[in-house]
Every structure is written in C-alpha cells, then in structure tokens.
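What follows draws every value from the coordinates through simple rules; no lab data is involved. Predicted, not measured: the structure shown is a model, and the values here were computed from it. Because the Cβ atoms are built from the backbone with ideal geometry, glycine has one as well, and the counts that use them run over all protein chains shown.
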Amino acid sequence: MDILVMIVSTFITAVFTENIVFYYTYGICPFLGVSQKSKTAIGMGLTVILVITISSILSYIIYTYLLIPFELEYLQILLFILIIASLVQLMEVFMKRFVPALYKGLGIYLPLVTTNCAVLGTANAVVTKGFIFVETVFYSLFIGVGFLLALILMSGIRERLEKADVPKSFKGLPLALIAAGIMAMAFSGLSGLNFFG
Amino acid sequence: MKAKNLILEGIVTNNPIFIMVLGMCPVLGITNTLNNAFWLGVSTCFVLILSNFIISLVGKIIPDKVRIPCYIIIIATLTTLIDMLIRKFLPGIYTQIGRFIQIIVVNCIILARAEAFAASNEPKWALLDGVSVGAGYLLGLFILGLLREFLGAGEIAGINVLPEFSGIQIFSIPAGAFIMLAILMAIYNYIKAKIEKKQKIKKALLRKAAQTAQGGKA
C-alpha cells in the first residue's frame, strides 16, 4: 500500500505541481523548438521519457555507489554529462540495430536530447533530493511524462495559433511564450494540491 | 572593423536571447531577482569566454569525429570550476541559482558558439566573440531580472523602492517569466521592424535620387 501511495503522489508532483517545463523551467529549447506539430512533439516527448528514465537511474547508481564512497562528488557534472552523452550514442546504435522501426520514429530526436537540460536537470535533482532507488525510478519516469504532456499541450495550441490574426511583432515565438505563460499559470494553480499530506 | 561588427552582432543584431533564442532555461527560471540574474549571467559569461578561447586554441588538434564530446568535456570542466567558486564565495546566492549553474554545461549558447565560431577562428577573435555574446546574454538577463523583480516584489536588487507597491505575485513565478520575455521579444521585433523599414525607405530614396541625377545628365 505504501508504495502505491508513493507512486501516486510522485506522479502528481512530477507531472503537475512540479512540472519540468512550467515549474523548473528546464528543457525550454525543445519545448519551443519542436512543439509546432503534434507528431514531432509526441516523438520528442517519448524519446525524452526514455532517455530521462535510463540516465537518471544510471546517474543515481554511479553517484551513490561510486562518487559518495570515494568522496568524488565534485565530479558530478562531468560524469553525468558523460553518462547522458554516451547513453544517447549507445541508444542510437542499439535502436538502429535491433529495433529499426523505433529508430525510424525517434532516431532523429535522439541527438537533440543530449543538450536538453531537462535530462541533466533531472539527474541532478534526484541526487540532491536524496531519493531512494525506487523513488528515483518513478520520479524520473513521471518527469518525462510531464514533459510529454507539456509538449503535446503546447503543440496543440501552436497549431491553432498559426492561423490566428495577431499583431506582427507578436507573431511566432512571443505568442507561443504567452501561451506557455498562461499554461504555467494554470499549472501553478495546482501547486496547492496535496492528497496524502 | 571586424571587432566592431563582432561586438555589435553579439549584443544587438544577433542577441542570444532575443534573436538566437538559445539558453532559455536559466533566462526563464532564474530572473526573478536582479541579483540572481546577474550572477547567473556572470557565471555563464565565465564559461562561455573561457570555453571559446580554449576551443579555438585546441580546435585544430581535435579530430573532427570526436570534437563534440571533447567540447562537452571542456565546458563541463569549466562549469565545475565556476560551480565550486560560487559555492565557496557566494553560498547565499548558490542556494538559489545552484541548480542552474550545474546545467550551464548544456546551455546551448556555449556549444553553439564553440561549434559555429570558436573552432574555426583565431583565439583573439574567439575571445572577443565570447565577450560580446556573453555581454548580450548578460544584458538580456539583467533587463528581465530588473523588470521582474520590480513588478513582482516592488524591489530593485533587494532594495524596496516603492513602499506602497507590494508587487504582482505572478511576475515572480515562471509564468510571469514567460509573459515578460514574450513582451520584451515583441518590443524587440517591433523596433527591429521599424529600423528596417526606415533603412528600406532611405535606400529607395537614395536610389531614386541617383536615378534622377543620372536622368538629368542624360
């Protein structure tokens, strides 16, 4: 029962009240860059879920069992970025070889994920928050889900916005940013949510 | 001449925040107060300038195929350095902006400048490019920080300037950052469009004058 409560509360925190895009403001570049079409948004979102989850778990394991015992915490940034970069490379090779269908769908987004600060940000967050292993797994998974949700919502709005008649200086990015701002307001309204507190 | 162009490009015509739209995460996340925005800007400048310089020095030695991982390692080392410095000397600031200092390493501006400019230019130009792009970034952060702190809390750099005005809460949370940035971008676009229009008219007038002068001669 305890674990169920933990999963649900982690889900609500990671997806809604502390959404990676609207609360932490991580991963803004892909959020603005690939949210013009729903299809690309979903592809990018799914790739990010995959990479965030695996890289956070790996970072957590390396941090807890290698860096802490040897007092090498200052290598955190260097090691985490190396983990993410090599993981992305490995996944590319692996997917190309064994799941070509998946590679066709998500492959083009993979290289972009390395410099997505959401991935490194989550890896940093799970070690600073002092999570246990199970929490890390679910937290990073749900953070990815939150990112996917934000991307899908945003792409839906932007597809409509393209047809809207707006002042010329607001066309494109400024308008998208305002839409994002209003969505962030809505998400911050959920921050009082606490089911199990 | 090249120096002047470079400086102008980094700060105005190719501003990293308003035109290139790179490195947006800290721009939105940390500009709630002027102090935070300033120190994050300084840290980013530090990494940007030094990484530009180092990469232009070693750019020709690094094999083409492994250049991106090498750049990332150089940038990550510099980020670790500034992370340690701020943690040691400004612990109060660090508790607020620490999580964004750690992700300077994936700030797209730094890798973009390394790849697009530093690797193929001489060290002195790379250094200048780092300074000008860094200044443009710092300027954007500074303006956002100033406006958001004033509107959000009625303060400037922690000093209360309007005692009756307690601030509009929305501007101190990320939602306000999105909206503020949108407004600034729109203003930037408006001014840019105005200037371009003026230049077009000027050009057209000059051409006309030249044509009539020629016609008069003939």
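Here are the numbers:
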{"read-out": "Residues located in the range A:144-183, provided they are part of a helix (DSSP H, G or I), basic (Lys, Arg), out of contact with any Leu (no Cβ under 9 Å at 6 or more places or on another chain) and away from chain B (no Cβ under 13 Å)", "value": "A:Arg160"}
{"read-out": "Among the residues listed as B:Thr80, B:Thr95, the single one being within 12 Å of another protein chain (Cβ to nearest Cβ), among the hydroxyl-bearing types (Ser, Thr, Tyr) and surrounded by 17 or more Cβ atoms within 10 Å (Cβ to Cβ)", "value": "B:Thr80"}
{"read-out": "One residue from A:Phe98, A:Phe94, A:Phe80 being buried (at least 18 other Cβ atoms within 10 Å of the Cβ), over 15 Å from the mean Cα position of the chain (by Cα) and aromatic (Phe, Trp, Tyr)", "value": "A:Phe80"}
{"read-out": "Residue list for the range B:119-171, restricted to those being in a loop (DSSP other than H, G, I, E, B) and charged (D, E, K, R)", "value": "B:Glu122, B:Glu164"}
{"read-out": "Qualifying residue in the range A:82-103 (condition: in contact (Cβ under 8 Å) with a residue 12 or more places away in the chain, of a type in the set (Ser, Thr, Tyr) and more than 10 Å from chain B (Cβ to nearest Cβ))", "value": "no"}
{"read-out": "Which numbered condition B:Phe38 fails, given (1) closer than 20 Å to A:Ile178 by Cβ; (2) away from chain A (no Cβ under 14 Å); (3) among the aromatic types (Phe, Trp, Tyr)", "value": "(1)"}
{"read-out": "Residue in the range A:35-45 that is in a loop (DSSP other than H, G, I, E, B), aliphatic (A, V, I, L, M) and surrounded by 17 or more Cβ atoms within 10 Å (Cβ to Cβ) present", "value": "no"}
{"read-out": "Out of A:Val48, A:Val21, sole residue that is crowded, with 22+ Cβ neighbours inside 10 Å, under 14 Å from the mean Cα position of the chain (by Cα) and assigned to a helix (DSSP H, G or I)", "value": "A:Val48"}
{"read-out": "Test: residue in the range B:102-118 that is assigned to a helix (DSSP H, G or I) and more than 21 Å from B:Val21 (Cβ to Cβ)", "value": "no"}
